[in-house]
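The values are calculated or read from the model by the stated rules, or taken from the named source; none is laboratory data. Fair warning: this is a prediction, and the values are worked out from it, not measured in the lab. Reconstructed Cβ throughout: ideal geometry from the backbone, glycine too, with neighbour counts over all protein chains shown. Just the protein is used for accessible areas: all its heavy atoms, side chains included, with ligands, DNA and RNA removed. Shrake-Rupley method; radii C 1.70, N 1.55, O 1.52, S 1.80 Å.
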Amino acid sequence: MKLVAVLLGVAVATIVAQQPQYDLVVVNGTVVDGTGGPGRRANVAVKDGKIVFVGEVAASAGKESVDATGLVVAPGFIDVHTHADDVDEHPLAANFVRMGVTSIVAGNCGGSALDVGAALARIADAKVSVNFATLIGHNTVRAEVMGRENRDPSIVDLSKMKALVWKAMADGAVGFSTGLQYVPGTYSKTPEIIELARVAANEGGVYASHMRNEGTALEEAIQETLRVGDATGARVQVSHLKVDAPSRWGASAKALQLIDTARARGIVVIADQYAYTAASSSLSIRFPGWALEGGQEKIAERLNDPATWARIKEEMKGLLGERGLKDLSFAKVASYRADPSLNGLSMQQVAQKLKGSSTPDAQFEAAREMMLNRGASMVYHFMGDEDVERIMRHPQVAFASDASVIEPGQGVPHPRGMGNNARVLGEYVRVRKVISLEEAIRKMTSLPAAHFRFADRGTIKPGMAADLVLLDPAKVGDAATFEKPHAYATGIPHVFVNGVAVVKNGEHTGAKPGAILRRQ
Ligand SMILES: [Zn+2]
C-alpha cells in the first residue's frame with residue numbers, strides 16, 4: 001500500500017509539473033510598463049485575469065503563449081474621454097480595442113445616463129469588449145430638473161440636482177462632467193457648477209469639463225475650471241484641451257501655464273487631448289446659446305422669423321470673426337440624419353448643393369436649413385499643429401478620442417475614433433518625435449489610472465489587471481483619415497482585456513471580457 005501511495009504521489013507530482021502554471025505567457029517582448037521608465041526585455045505571465053509575474057518565464061509555463069519578438073508590450077490604453085455611453089448596443093467596441101484602448105470613460109461633456117446604476121448594470125449584463133466607467137453629466141442632470149431653460153436654478157432645483165449627482169456617485173460614477181458650450185449647461189454659472197462638483201468630489205470623484213470656451217476666451221475658461229477645483233478639492237480634468245480659433249493660435253502656452261500654477265498651489269489637474277487639428281461637435285454649437293433655448297420647436301420659431309434669423313446670423317458671423325474665421329468653410333458634415341448624402345461635404349459644398357451657391361451667406365442659409373431639420377454632427381478644422389504639439393509635450397496631458405463607438409461605414413465621423421492612440425504613437429512619436437514612446441504610453445496608462453483611481457490598471461506589474469497591448473513600434477499608426485475615417489489602426493496585432501485576447505493577429509476575436517471600473 002505504502003509503495004502504491006508513493007508511486008501515485010510521484011505520478012501526481014509529474015502531472016502537476018506538466019500542467020502550465022499560467023493562463024497566458026507573453027514572451028520575447030520589450031515591456032514598456034506605463035511608468036515612463038525605459039522599455040526592458042521581460043516576459044509577462046497572466047493568471048485569472050491578473051498579471052502575476054514579470055521576468056524570466058518559459059512560454060511552456062502558459063496554457064497559451066504569445067511570441068512578442070520585435071513588439072512592445074504595454075499596459076492597455078485608457079481613453080479618458082469618450083462618448084461611448086451606448087457601448088452595450090455596440091459591445092465589440094472595435095474602433096477602440098483595435099487602437100489598443102482597453103478601458104473607456106464615458107459620460108463626458110455634460111452628457112451621460114441619468115440612472116448610472118441602471119446603465120452600468122445594462123453594460124455588465126450585455127458584456128462588452130472594453131472596461132467601462134462613466135461620469136455623471138451636468139447637462140443630463142440639469143435637463144432633468146430644469147429642462148432647457150435659460151435661468152439660474154432655484155434652491156429647490158439645486159438640491160434636486162445635487163441629489164441626482166449624489167445618487168449617480170453612489171451608483172458607481174467616477175466623477176462629474178460639464179459641457180458648458182452646450183444647452184442647457186451653457187446657461188449655468190460657476191457657483192452652480194461648484195455646488196454640484198462638490199458632491200462628486202466628496203465621494204472621491206473627478207471634475208471633468210468641456211469648458212465654456214476653447215479659443216477666444218480660453219484663459220478665462222481655464223480659470224473657471226480651476227476655480228471649481230479650488231473650491232471643491234476635486235481632481236480636475238480639462239477635457240480635449242485645444243485652441244479652436246486661428247486668431248488665438250499659440251494660446252496653449254498660457255493655458256498650460258495656468259494649469260502648472262494651479263498644480264503648484266495643490267490642485268490635482270490634468271488635461272486630455274486628441275492628436276488632430278480638427279474637432280468634432282454639433283452644428284448647433286455654432287449658433288448663439290439664446291437661439292437654442294427651449295428645444296427644437298422654439299429653435300424653429302426663431303429660425304423662421306426673418307428678423308430673429310437675421311440677428312442670429314449676425315451673431316454667428318461675429319463669433320466666427322473673433323476666431324479669425326470668415327465663413328463656415330472650415331466645417332464639414334460628419335452625420336446629417338435628414339440627408340445622409342451631405343455626409344463628408346464641406347459647408348461650401350453643402351451650400352452649393354442646397355442653395356445653388358457657396359458664398360458665406362449661402363453657407364449660413366444652409367446651416368439654418370440643417371438646424372430646422374434637427375441639426376447635424378460636424379467636423380471643424382480650426383486648430384494649429386503648434387498648439388497640438390505643445391499640449392502633447394506637457395507631462396499632465398492624457399489622450400482621449402472624444403469618440404463614440406463607430407459602426408463600420410456609418411457617416412463620415414472624425415477619424416480620432418479609429419486612430420487617436422495609434423496616431424500619437426505613429427505620427428507624433430515615431431515620425432515627428434514630439435514625445436518618446438515611453439512617455440506617450442505613460443500618458444495613455446498610468447497617468448489616467450492614477451487620476452481616476454483605477455488602482456489595478458495602468459502599469460505592468462504583478463497584481464495588476466492583465467490589460468495588455470502588443471504593438472510594433474516601427475509600424476503602429478492611424479489609417480483613418482478625414483476623407484476615409486472607417487479604417488482601423490495598424491501595427492497593433494494583440495490586445496488583451498483582463499487576460500482575454502480581444503485582438504489576435506490584428507483581428508477582433510469577438511471576446512467580451514470588459515469589466516465595470518469603479519474608483520478605488
Ligand atoms: Zn466635449
Taking Rh as the Kirkwood radius computed over alpha-carbon pairs of region 79-218 and applying Stokes-Einstein at 25 °C with viscosity 0.890 mPa s, one gets a diffusion coefficient in µm² s⁻¹ of 161 µm²/s
Which of rounded, prolate or oblate describes region 20-104 when judged by the alpha-carbon gyration tensor and an a/c cut-off of 1.5? prolate
In region 252-358, what percent of the accessible surface is made up of carbon and sulfur (1.4 Å probe, ligands and nucleic acids excluded)? 49 percent
Which listed residue (A245, A200, G344) has the Cα farthest towards the positive end of the charge dipole for the chain, taking +1 on Lys and Arg C-beta and -1 on Asp and Glu C-beta about the Cα centre? A200
Provide Rg over Rh for region 388-444; use the alpha carbon set for both Rg and the Kirkwood Rh (inverse mean inverse pair distance). 1.02
Only four residue types carry charge here, +1 at the Cβ of Lys and Arg and -1 at the Cβ of Asp and Glu. Report the dipole size of region 28-144 about the Cα centre in Debye, rounded to the nearest 20. 400 debye
Exposure of E386 as accessible area (Å², to 10), given a probe of 1.4 Å and all protein chains: 120 Å²
With runs of 4+ DSSP H residues as the only contributors, calculate the mean residue ellipticity of the chain at 222 nm using -39,500 (n - 2.57) per run, divided by the residue total and rounded to the nearest 500. -10500 deg cm²/dmol
How large are Rg and Dmax for region 298-388 when only the alpha carbon atoms are used, in Å? 13.3, 42
Would you mind calculating the gained length between D456 and E407 on full extension (0.36 nm times residue separation, minus the Cα-Cα distance), in nm to one decimal? 14.6 nm
Rolling a 1.4 Å sphere over the protein heavy atoms, what is the accessible area per residue of region 354-426, to the nearest Å²? 31 Å²
In whole Å, what are the Cα extents of region 210-282 along the three principal axes, biggest one first? 32, 22, 20
The chain - Rg and Dmax from Cα coordinates, angstrom: 24.5, 104
With each label point set 7 Å from Cα along the Cα-Cβ vector, what nm distance links A253 and D152? 3.9 nm
Compute, for the chain, the length of the dipole vector about the Cα centre, with Cβ point charges of +1 (Lys, Arg) and -1 (Asp, Glu) only. Units Debye, rounded to 20. 740 debye
Could you sort out which of K254/K317; K47/K461; K50/K512; K254/K443 sit more than 19 Å apart by Cα distance in this structure? K254/K317; K254/K443
For region 96-113 versus region 490-512, the gap between their alpha-carbon centres in whole angstrom: 18 Å
Given the options A367, P513, P306, identify the residue whose Cα lies farthest towards the positive end of the charge dipole of the chain (+1 on Cβ of Lys, Arg; -1 on Cβ of Asp, Glu). P513
Semi-axes, largest first, in whole Å: what does sqrt of 5 times each Cα gyration tensor eigenvalue give for region 214-360? 34, 18, 15
Take region 444-517, compute every pairwise Cα distance, and split them into 5 Å bins from 0; I just need the percent in each bin. 4, 14, 18, 21, 20, 15, 6, 1, 0
Set the Förster distance to 35 Å, then compute FRET efficiency between K504 and K433 from the Cβ-Cβ distance, nearest 0.05. 0.70
Plugging the Cβ-Cβ distance of R41 and D385 into 1/(1 + (r/R0)^6) at R0 = 22 Å yields, to the nearest 0.05, a FRET efficiency of 0.05
Taking a temperature of 37 °C and a viscosity of 0.692 mPa s, what whole-number D in µm²/s does Stokes-Einstein yield for region 368-479 with Rh from Kirkwood over alpha carbon pairs? 202 µm²/s
Cα centroids of region 205-253 and region 158-202: how far apart, whole angstrom? 17 Å
Any idea of S154's accessible area? Nearest 10 Å², probe 1.4 Å. 50 Å²
